[in-house]
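This report refers to the structure that appears directly beneath it.
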Amino acid sequence: MKTKKKINSNNLLIMITIIMFIVMYAIGCFVYAGKGFAHVQTFLNLFITNAGLICVACGMTCVMLTGGIDISVGSLIAMDCMILAHGMGVQGWPCIPTIILILVIGVIFGLVQGFLIGYLNIQPFITTMAGMFFARGMTAVICTDQLSITQEQNALFYSWANAKIYLPAFLGYTNNKGKVMTPYVRPTVIIALLVVVVIFIVLKYTKFGRSIYAVGGNETSATMMGLNVKRTKLFAYILSSFLCSIGGICYCLNTMSGSVQQAKGFEMDAIASSVIGGTRLTGGVVNVIGSRFGVMINGTINTLVTTNGKLLSSWANIATAALLCFFIILQSVFAYFKNRNN
Amino acid sequence: MENDELITMRDITKTFPGVIALDHAQLTLRKGEIHALMGENGAGKSTIIKCLTGVYDRDSGEVHMEGVEGNINCHSTEDAQKIGIATVYQEVNLCPNLTVAENLFIGREPRTKAGFIDWKQMNRNAKKVMDGLEISIDVTQTLENYSIAIQQMVAIARAVDRDCRALILDEPTSSLDDKEVEKLFRVMRQLRDKGVGIIFVTHFLEQVYEVCDRITVMRNGAFVGEYTVAELPRVKLVAAMLGKDFDDLAAIKNETMASADGEVLLVCDGMSHKGTIKPFNFKIRKGEVVGITGLLGSGRSEMVRCIYGADKSQSGKETMKGEELKIKAPIDSIRKGMGYLPDDRKADGCIGDLSVRENIILALQARQGMFHTIPRAKQNEIADEFIRELSIKTPSRETALKQLSGGNQQKVIIARWLATHPDLLILDEPTRGIDIGTKTEIQKMILKLAGEGMSVIFISSEIEEMLRTCSRMCVMRDGEKVGEIDHELTQENVMKAIAGGDN
C-alpha cells in the first residue's frame, strides 16, 4: 500500500535545512575555489572534524524529543577524553578495556541523570547542569594538565586515530607536486554514520523510539495510553550519555589529548545543531537526519570562516546565532499558520 | 438482574484534604446498557470514575466486576485497561505529533519478524478500525492535522478497538457538532448491542434521553438515585440534580421591580462563538438585573464571555447605548463600560500576591492605560471606599489578597469592577464557594447597584438566589439560548424551562 505523503511543515523545515547546507557549501566552493573548498577531501573533513558532534547531537536529539535537554554532554566529553588520556597515557592502561570503561561510565552517568529526571521529576536543565559541573570538576580532579596520547604510550589507539579509509581514487585530485591525493575518511566517521543509522531505526521502528515521540508529544496522554513515561525518559538520558561517550571517544581520536578546557560549549553546539536540524525545543518533533545536517551546517560555517583566514573565528558564532534565530522564527511561523488553519 | 451486572461499586468514599469528594457513593453498570452519570459541578462524577479507572485510589468501598475475582483495586489506567475498562476523556488524551495509526496502536504495534514496528500492517489495521466507525481519513497523517472532533473519534476508536467490556465516556461530546454526536451515538449503540457496558457522563439532557437506558444521579459526592430513563422525566431529573423537591417549593416573592421601561443599554443580535454558543439575541435595560440560568455547561458562561469579548463573537452585532461595538479584546469592552467577574476567580481574576488595593485598582488602571498612573492618594481613597462600602474584612488595604478568605477575595474582585463605574456588570457565579452571610451581602449589593442605575447580568447555579435578585431570566440549554422568563418567575417554572422537552 503506497500512500502519498503530503509535505508537512516538519518535512519542509528539514528540506530548508538541507537546501541551506547545499547553498552554503556551493557558495564556499565558488568563493574559495582557489583554497581547495571544492575538493572532496574538504567535504569529508567536515565529517572527520565533527564525528564526535554528530554522535552527541544524535543523543541530544533523543533527549530533546522528550521535551528535555542535556547540557552535561560537553563536560562529559572532557571527562571521557581525560580518562582516556590519563588512563592510557599516564597509567598505561590497555586500549580496549579503557574504551569499555568509558562506555560504562556513560551509561552510569545517564542512569543517574535519567533517574533524577524521570522518576524524581527534577527539571532536566537543573539535573544535567549538576552533571555538567560534576563532570568538568572530575576532569580537573583526575589531572589539571593537558595530556597527550602518543604512539609510544598506546600504539593501538594511535593507529586507530591515524587510520585512513580511502575512497575510490577518481574522487581525488593531483596536487601541485603532481602527486595524486586520494580522499579518505577516519574510522570515527564510520562510527558516527553508524550511530545516525542506528538511532534513525530505533526512533522509527522500535517501541522505545515511538514512546519517546509520544512522551514529547503529550506526557499526560502517553501515561493515559499506558506507556511507561518514567522508563522512557530514563532510557532517553542513558542513550544520550552513552552516545556522548561514543562521541567522546571519537573526539579523543581526533585530538589525541585530554584537558580540563576541552569541549567547552560543546553541548550548545549539539543543541544548536538539533534545532537547525528541525528539532522542536518543546519536544515531539525531530529528525535525526536533519540533526546531522545541522552539524554539517555548523561545520561549514566554521570551515568558511577558517578558510577565509582573515575573519575572526568568533564570526562563526555570530553566523550560528543568526541561523538559530532564523530557524526558531521559522518554526513559530509554521506553528502559527498551522493553528490558523485549524 | 443480578447476573447482568458488569461493574458494581458500593460505599465508595474518597476524601481530599478538607473535602469529602465521595461520600458512600455507588454505581452499578450492567452489560449492554448505556448508563448516564449525571450531576452538577462537584457532584463527584469525575471522582467516582477516576476511582474506578485507577487515577485515584479510593479510601474505602468495594468494586466488583463480573469475571474478575474479588475486590478490584486498580492503581493505574493500565491496570483498568487490562481487565477491560477503557476511558475516553473530555480532553483528547492522544499525542498530536504522532500519526492517527500510531495513536490507535501505540503500545501494541504490529511487529515484523525481526521485531521492528510493521508500519504497513499498522496503517492497514488503522484504516480498518476507522472504516468500522465510518470515518475515512488518511491514517498516516499526524493527528494535529485533524479537528478536535476527529481527534475525539480517534480516541474513542482506540478505546473501542481494545478488548473492552466497560467503556467510560467522560463528556466526550462537548467538542462535537450534531453530526459528529450522531456518529458517536451510532458507535455507542453498536457497542451496546455487542454487550459492552457504557458509562456516559454528559451535561446535555437531550443526549441522555436520546441514547441512554439508565441514569444515576449524584449530588455533593453522594448517590441520589438510579432510574431508568422512562421513569425519570426531565423535570424530575433536574430536581434530583439540583436537590430540590417540588414539595418544598415555597414560592419566593420577587421583591425587585422589573424596570421594563428603562432605556435599553445593550442589544446583542445573533452573536455566537463557534463550538461554545449558538447564535443568540439578548437585550438589557438600564438598572435591570437579568439572570442567566441553565445547567452547568449549558452555555451560561460562554454567552457572557461572548458578550464581553473574552471569546470573540463570530457573527451578529452588539450595540451599546445605540453605538455598535467592535470588540477585539476585553480591553475594548472595559473601555465601553463593561465589567466582567469570571466564574473561576482563582484562575481568571484573583492575583493573590498583589495587595487588596492593587487588586481593586487593576481594572481602572487598565482602562486608563499604563502610562496614566493613578496617584497613590487617589488609589488609597478608592480602596478604602470599597473596603468600607462592601465591608471587606482585611487587616489593611496593603494585605496580600491571598491572605483573605474566599468571600472577601470575591468582594475585592467585585470592587475592582465597581471602581471602573461600569454601565454593565457581568457576574458569573459571584457567590460560589462563599458563606451564606457574604452571599446575602452580595445579593443586596446587586440590588442596590441596580437601584442606582447599573445593569447587571447575573449567573448562579442557585436558582433561589437568582429568583431573589433578577427581574428576568434567560434560559440556556445545550449551548443555546432557549427562552426567557419575565413573569411568573418561580422555581418550578425555571426548572421546567431548564429541563425543556415535553414534560
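The values are calculated or read from the model by the stated rules, or taken from the named source; none is laboratory data. Just so it is clear, the model here is predicted, and its values are computed rather than measured. Quick reminder, even Gly has a Cβ in these numbers, built from the backbone with ideal geometry, and neighbours come from all protein chains shown. For the accessible areas, the whole protein counts, side chains as well, though only heavy atoms, and no ligand, DNA or RNA atoms are used. Shrake-Rupley method; radii C 1.70, N 1.55, O 1.52, S 1.80 Å.
What to note about this one:
- A:Ile190, sole failed condition from (1) open to solvent by less than 70 Å² (accessible area, probe 1.4 Å); (2) modelled with pLDDT of 90 or more; (3) under 23 Å from A:Gly74 (Cα atoms): (1)
- Some residue of region B:106-117 being within 9 Å of another protein chain (Cβ to nearest Cβ), assigned to a helix (DSSP H, G or I) and under 15 Å from B:Leu143 (Cα atoms): no
- Odd one out for B:Gln90 among (1) facing chain A (nearest Cβ under 9 Å); (2) in contact with a strand residue (DSSP E or B) (Cβ under 9 Å, 6 or more places away or on another chain): (1)
- Selection count, region B:290-308, where residues are open to solvent by 10 Å² or more (accessible area, probe 1.4 Å) and either among the hydroxyl-bearing types (Ser, Thr, Tyr) or on the phi > 0 side of the Ramachandran plot (or both): 3
- Residue count for region B:185-225 under the criterion of being open to solvent by less than 60 Å² (accessible area, probe 1.4 Å) and not in a helix (DSSP H, G or I): the result is 21.
- All positions within region B:55-64 that are open to solvent by 10 Å² or more (accessible area, probe 1.4 Å), more than 11 Å from every other protein chain (Cβ to nearest Cβ) and either touching a strand residue (DSSP E or B) at 6+ places or on another chain (Cβ under 8 Å) or modelled with pLDDT under 85 (or both): B:Tyr56, B:Arg58, B:Asp59, B:Ser60, B:Gly61, B:Glu62, B:His64
- Scanning region A:202-217 for residues that are at the interface with another protein chain (Cβ under 8 Å from one of its Cβ atoms), touching a helix residue (DSSP H, G or I) at 6+ places or on another chain (Cβ under 9 Å) and either closer than 23 Å to B:Val88 by Cα or basic (Lys, Arg) (or both) gives A:Lys204, A:Arg210, A:Ser211, A:Tyr213, A:Ala214, A:Gly216, A:Gly217.
- Restricting region B:28-54 to residues that are in contact with a Leu (Cβ under 8 Å, 6 or more places away or on another chain) and part of a loop (DSSP other than H, G, I, E, B), the residue that is surrounded by the most Cβ atoms within 10 Å (Cβ to Cβ) is B:Gly44.
- Residue, farthest from B:Tyr56 (Cα to Cα), within region A:218-234, restricted to residues that are open to solvent by 10 Å² or more (accessible area, probe 1.4 Å), within 11 Å of another protein chain (Cβ to nearest Cβ) and assigned to a helix (DSSP H, G or I): A:Glu219
- Restricting attention to region B:77-86, the residues that are on the phi < 0 side of the Ramachandran plot and more than 8 Å from every other protein chain (Cβ to nearest Cβ) add up to 6.
Here is a yes/no grid of residues against (1) out of contact with any helix residue (DSSP H, G or I) (no Cβ under 8 Å at 6 or more places or on another chain); (2) closer than 24 Å to A:Gly52 by Cα:
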{"site": "A:Ser273", "(1), (2)": "no, yes"}
{"site": "A:Gly284", "(1), (2)": "no, no"}
{"site": "A:Gly290", "(1), (2)": "no, yes"}
{"site": "A:Gly294", "(1), (2)": "no, yes"}
{"site": "A:Asn298", "(1), (2)": "no, yes"}
{"site": "A:Ile318", "(1), (2)": "yes, yes"}
{"site": "A:Phe327", "(1), (2)": "no, yes"}
{"site": "A:Tyr336", "(1), (2)": "yes, no"}
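- Scanning region B:120-151 for residues that are within 8 Å of chain A (Cβ to nearest Cβ), assigned to a helix (DSSP H, G or I) and at pLDDT 85 or above turns up B:Lys120, B:Asn123, B:Arg124.
- Criterion violated by A:Phe242 - all others in (1) outside any helix (DSSP H, G or I); (2) under 30 Å from A:Thr139 (Cβ atoms); (3) out of contact with any Ser or Thr (no Cβ under 9 Å at 6 or more places or on another chain) satisfied: (1)
- Residues in region A:278-330 that are open to solvent by 70 Å² or more (accessible area, probe 1.4 Å), assigned to a helix (DSSP H, G or I), in contact (Cβ under 8 Å) with a residue 12 or more places away in the chain and among the aliphatic types (A, V, I, L, M): A:Ile328 only.
- Screening region A:244-277 for residues that are at positive phi and surrounded by fewer than 24 Cβ atoms within 10 Å (Cβ to Cβ) and picking the one that is farthest from the other protein chains (Cβ to nearest Cβ) gives A:Met256.
- Hits in region B:152-184 (condition: in a loop (DSSP other than H, G, I, E, B) and either facing chain A (nearest Cβ under 10 Å) or of a type in the set (A, V, I, L, M, F, W, C) (or both)): B:Arg162, B:Cys164, B:Leu176
- Restricting region A:278-316 to residues that are within 14 Å of chain B (Cβ to nearest Cβ) and at positive phi leaves a set whose member that is nearest to the chain's Cα centre (by Cα) is A:Gly278.
- Being at the interface with chain A (Cβ under 10 Å from one of its Cβ atoms), under 27 Å from A:Asn218 (Cα atoms) and not acidic (Asp, Glu) is a property that does not hold for B:Lys50.
- A:Phe37 vs. criteria surrounded by fewer than 22 Cβ atoms within 10 Å (Cβ to Cβ) and not in a helix (DSSP H, G or I): yes
- Residues in region A:153-167 that are open to solvent by 70 Å² or more (accessible area, probe 1.4 Å) and part of a loop (DSSP other than H, G, I, E, B) were compared, and the one that is modelled with the lowest pLDDT is A:Gln153.
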